[in-house]
């Protein structure tokens, strides 16, 4: 069940990258740029949860007595934030430069930092989690950039809502387990 849960959390974390990739695919990026963006997002989704897990480990050891409440709070906030973000207008980050790619990768990976804090309380398989998050986010980014020209704008909001609901379900699962 642990790997299954981590995989679905990885999918939830990938929804921001996927939905924004759908939007930015209208920039007519070439194949080389699409691969660079997908790899960059994957790299950030590998390291951000590790940093979050380090912070979470510190909190687990020195600060927090009830772990379930912490995991619930983090996943619930991530889920609500993703659903809230689906209603907002997107910021313009242009993926045609190195700085634009790094900014895009960082912004879609911020949630994985927070998830890393929560993941720290449910597993000790840090590298496996980061690898799964990296792989899923790279794949979703690649797919989003390639099919985004065909998909209607409203699917962007739907994918963020689905990602948010996944986090809310995990929050409730860990609260009542």
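Overview of values
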read-out	value
Residue 42 being farther than 22 Å from residue 99 by Cβ and either in contact (Cβ under 8 Å) with a residue 60 or more places away in the chain or part of a helix (DSSP H, G or I) (or both)	no
When residues of the range 161-177 are limited to those that are under 14 Å from residue 19 (Cβ atoms) and modelled with pLDDT of 70 or more, the one surrounded by the fewest Cβ atoms within 10 Å (Cβ to Cβ)	165
Number of the condition not met by residue 120 [criteria: (1) more than 15 Å from the chain's Cα centre (by Cα); (2) modelled with pLDDT of 75 or more; (3) surrounded by 14 or more Cβ atoms within 10 Å (Cβ to Cβ)]	(2)
Any hit, the range 144-158, residues being surrounded by fewer than 21 Cβ atoms within 10 Å (Cβ to Cβ) and modelled with pLDDT of 85 or more	yes
Residue count, the range 123-150 (criterion: in a loop (DSSP other than H, G, I, E, B) and touching a helix residue (DSSP H, G or I) at 6+ places or on another chain (Cβ under 8 Å))	4
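The values are calculated or read from the model by the stated rules, or taken from the named source; none is laboratory data. Here the structure is a predicted model, which is why all the values come from computation and not from measurement. Here the Cβ is made from the backbone with ideal geometry for all residues, glycine too, and neighbour counts use every protein chain on show.
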